[in-house]
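Report on one structure; see the data block that follows.
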Amino acid sequence: MAQSMASDRPDAAPAVSSGGLGKAVGNRLVIIVPYLWLFVFFLVPFLIVFKISLSTTAIAMPPYVPVFGLEDGLSGLIASLGELTLDNYLWLTDDALYFNAYISSITIAAVSTLITLAVGFPIAYGMARAPTSLRPTLLMLVILPFWTSFLIRVYAWIGILKPEGLLNQFLIWTGAIDSPLLILNTNTAIYIGIVYSYLPFMVLPLYSALEKMDYSLVEAAQDLGCPPASAFWKITFPLALPGVVAGSMLVFIPAMGEFVIPDLLGGSQTLMIGKTLWNEFFNNRDWPVSSAVAVILLLLLVVPIMLFQQAQARSLEKGR
Amino acid sequence: MKSLGSIRRSFAPWADPAAKPYISFENITKRFGDFTAVNNLSLDIYEREFFALLGASGCGKSTLLRMLAGFEEPTSGRILLDGQDLRGIPPYRRPVNMMFQSYALFPHMSVEQNIAFGLKQDGMPKAQIAERVAEMLKLVKLEQFARRKPHQLSGGQRQRVALARSVAKRPKVLLLDEPLGALDKKLREETQFELMDLQQNLGLTFVVVTHDQEEAMTMADRIAILDKGEVMQVATPAEIYEAPASRFVAGFVGTVNLLEGRVMSRDGATLRIKGASGAEILVENAPDSVSSGEVAFAIRPEKIKVSPRQPAEGTPNVMAGEIFDLAYLGDMTVYHVRLADGQVVKASALNSARVSEDQLTWNDRAFVSFAPDAGVVLTR
């Protein structure tokens, strides 16, 4: 399927050269490229996953039936369509494990997002208010961790958080504690890992929103009798809201499906949907159920985003 | 010299020794690192005055305004407002409001909400806020735009919202930072008069910062000319124009001819100056302090007469030259006359007749002349 779509492009290309019409086609072609990308690398794989989620497990290669194919002709294809079932989705509602994993993932992602926001906002604000000459350096420092592999950075946290790790050694040395704190293999470690890993994704959109803001607005609020703290909530925060929303989405969405951080830093009892997915797929070799888990996860993430975007578009229209 | 007081109205508390200043800058110095923005400046502003701080960019005028609003603290010196020392009082507790150069309208609030913002901070009852907002909207003629957001307004409308918002709280003093800077010329002229009316009707004290001399001349009761953080002169527009205190002020406001020379003799109030070109300048009403030394005679172009014919023998202050350049502006003609020593004198003549018999053109021989009281003698 991907192959046939890709071959559309050379067909359309010659139209570009033929005058005004060619220009219109050319414009459309430019738009087609990202759509094609999304179609080939997002929609098609999603449809495949969706189809698998409607299949049944089998000890076979691939480990599910029916497998679509044209070797039995069109009637065979239609017959195999009849074998699709919603059983896997019903199974998800049967076992509380999945429900708990979703809830736990949402909770962990939401709490991490709030912590990241609380940590990221002062950083972004400080950067936006720093002298212009200093800003590129600060921006660089925010991006710097990406120079090292994500996996290695998460592993490094094990060395810091483990009972005989750097943090505990330091705290015992300062006399703050007598016996090591148990942080590794708890939810606290997951929060630390997520907040650390996703902080740049929060800081960057916040910075870009705050940097655009005219600081004289805050001065104007103060001039009109608004103390600084109140001016922050009435002026700065509402104007940074687009950055807050963008940053929160950039943190919440990947944190929700996070697998590496709970696997490395969280305990065995940690329930997150990413880990459940992994277990179903690799340990149980139950592709249909894990596909159903993935589809539900996607819906959980996409539906609120769509609702949000609709609300935003409506408020924009009202504003004009 | 005849009186050069306020032309607009008989309002001149600064001339009354018994009047108490409303705002006093006392020996204010403000440094930013190595840069001295304001240097040991003292200035008094009176209640209900429309006061302009005029100067080129970087002269310290905005810093002065921001210190009054509380956004900057003076490095030394103190500011008194109505007898109260403002040191340490944060901007949100000062009884002054500021209209920002960028207007600083809150983009996420409607016109109404912008105007109500300061009133809400004061905890004014809702009904009263609504009443005041309606009154302000009427004042700036924006009743139909109450629910619009700032980005849906034109530049002129935004300026009026900013104005309404800053006067809504009835501050003791309204500070205006380049209030008309962002408007086009025509709108600026209209708004100047509206601002003056508003100030009269509300009876507020206005302190306006501007780099536009015309704006300052039109609106202000008094103007302070600033340069490099120091006050050059504080006076009414007429005094600033007709009796500048220094070469800098004379050159800064309007066009001026500075004829450098040396005092030859003094007889009562009459001064004889030997100009650099050798010509003798007779000056009446010279200030008492000048009796010798190097001076400059400053004279405005419109006070110089240009004629193709030599004035009668014995007429004082006549110099011969040739027309070096001229510009016909419709209502007036500007002549640049090159004198014998090479100095170019600017003169302007009102074209009161449609056809003049004294047509002068490039390279014509011409005589410039002026009355003995048409200019001022400057020592600084």
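The values are calculated or read from the model by the stated rules, or taken from the named source; none is laboratory data. Please read these numbers as outputs of a predicted model, since none were measured by experiment. All Cβ positions, glycine included, derive from the backbone under ideal geometry; neighbour counts span all protein chains shown. SASA here: full protein model, heavy atoms, side chains in, ligands and nucleic acids out. Shrake-Rupley method; radii C 1.70, N 1.55, O 1.52, S 1.80 Å.
Annotations
- Across the protein assembly as shown, counting alpha-carbon atoms alone, Rg and Dmax equal 38.7, 127 Å.
- Karplus (6.51, -1.76, 1.60) ³J(HN,Hα), θ = phi - 60°, over segment A:266-276, in Hz, Gly and Pro reported as x: x, x, 5, 7, 5, 10, 9, 5, x, 5, 4
- Set of lysines with alpha-carbon distance to B:Lys303 below 25 Å, sequence-local pairs under 8 removed: B:Lys2, B:Lys274, B:Lys346
- Sites excluded, GluC sites (Glu not before Pro) in DSSP loops with at most 14 other C-beta within 10 Å, longest stretch of chain A: A:165-320
- Principal-axis tilt of helix B:126-139 within chain B, Cα atoms, nearest 10 degrees: 20 degrees
- Each semi-axis of the equivalent ellipsoid for segment A:85-209 is √(5λ) with λ an eigenvalue of the Cα gyration tensor; in descending order they amount to 32, 25, 13 Å.
- When the P(r) is computed for segment A:87-319, the part past 29 Å accounts for 43% of the Cα-Cα pairs.
- Note: relative contact order over segment B:99-227, using C-alpha pairs below 8 Å and six or more positions apart, is 29 percent.
- Computed from phi, the 3J(HN,Hα) profile of segment B:185-196 under the Karplus parametrisation 6.51, -1.76, 1.60 (θ = phi - 60°) reads 4, 5, 5, 5, 5, 4, 5, 3, 6, 5, 4, 5 Hz, with x in place of Gly and Pro.
- When peptides B:240-253, B:310-323 are sorted by average Cβ neighbour count within 10 Å, with the highest value leading, the order is B:240-253, B:310-323.
- For segment B:248-286 versus segment A:173-225, the gap between their alpha-carbon centres in whole angstrom: 69 Å
- When chain A is treated as a GNM with alpha-carbon contacts under 10 Å, the residue of A:Thr174, A:Thr276, A:Thr57 showing the greatest mean-square fluctuation is A:Thr174.
- Dipole magnitude of chain A about its Cα centre (Cβ charges: Lys, Arg +1; Asp, Glu -1), debye to nearest 20: 1000 debye
- Note: segment B:83-233, Cα convex hull, 139 Å³ per residue.
- Across peptide A:230-241, the mean count of Cβ atoms from other chains lying within 10 Å of each residue's own Cβ comes to 2.
- Shape category assigned to segment B:240-319 from the gyration tensor of Cα positions, a/c cut at 1.5: oblate
- Antiparallel content of DSSP bridges confined to the protein assembly as shown, in %, to 5: 80 percent
- Rounded to the nearest 10 square angstrom, A:Asp263 shows an accessible area of 70 square angstrom against a 1.4 Å probe.
- As a length-normalised measure over Cα pairs under 8 Å and 6 or more apart, the relative contact order of chain A settles at 24 percent.
- Angle of helix B:111-121 to the longest C-alpha principal axis of chain B, folded into 0 to 90 degrees and rounded to 10: 70°.
- FRET efficiency, 1/(1 + (r/R0)^6) with R0 22 Å, evaluated for B:Asp364 and B:Thr315 via beta carbons: 0.65
- For segment A:224-236, 3J(HN,Hα) per residue [Karplus equation, 6.51 cos²θ - 1.76 cosθ + 1.60, θ = phi - 60°, Hz, x = Gly/Pro]: 8, x, 9, x, x, 5, 5, 4, 4, 6, 8, 10, 4
- Near B:Thr236, the amide H atoms lying under 5 Å from its own belong to B:Ile223; only residues 5 or more places off or on other chains count, and H is placed 1.01 Å from N.
- For the peptide B:146-154, the mean number of other protein chain Cβ atoms found within 10 angstrom of a residue's Cβ is 1.
- Near the amide H of B:Asp227, within less than 5 Å, lie the amide hydrogens of B:Met232, all on another chain or at least 5 residues away, with H placed in the peptide plane.
- Over the protein assembly as shown, dividing the summed -39,500 (n - 2.57) contributions of all DSSP H runs of at least 4 residues by the number of residues returns a 222 nm mean residue ellipticity of -14000 deg cm²/dmol.
- Seen from all directions on average, chain B presents a Cα convex hull projection of 23.4 nm².
- Ligands, DNA and RNA left out, the 1.4 Å accessible surface of the protein assembly as shown is 60% carbon and sulfur atoms.
- Evaluated over segment B:25-73, the Cα radius of gyration and Dmax, each in Å: 11.1, 36
- Ordering of B:134-141, B:231-238 by burial proxy (mean other Cβ atoms within 10 Å per residue, highest first): B:231-238, B:134-141
- Cβ-based charge dipole, chain A, positive-most Cα from A:Leu307, A:Gln269, A:Phe259: A:Leu307
- Per residue Cα convex hull volume in Å³ - calculated over segment B:255-378: 103 Å³
- Projected area, mean over directions - segment A:218-320, Cα convex hull, nm²: 10.1 nm²
- Cα convex hull of segment A:8-149 - mean projected area over all directions, nm²: 17.7 nm²
- Take each residue of peptide B:99-108, count the partner chain Cβ atoms within 10 Å of its Cβ, and average: the result is 5.
- For the set B:Lys61/B:Lys141; A:Lys23/A:Lys212; A:Lys212/B:Lys126; A:Lys212/B:Lys172; A:Lys234/B:Lys169, the pairs lying more than 24 angstrom apart at their alpha carbons are B:Lys61/B:Lys141; A:Lys23/A:Lys212; A:Lys212/B:Lys126; A:Lys212/B:Lys172.
- The angle between the Cα long axis of helix B:155-167 and the main principal axis of chain B comes to about 70°, on a 0 to 90 degree scale.
- Taking amide H positions as modeled 1.01 Å from N, with prolines and chain starts lacking one, the residues under 5 Å from B:Val208 and 5 or more places away or on another chain are B:Phe51, B:Ala52, B:Leu53, B:Leu176.
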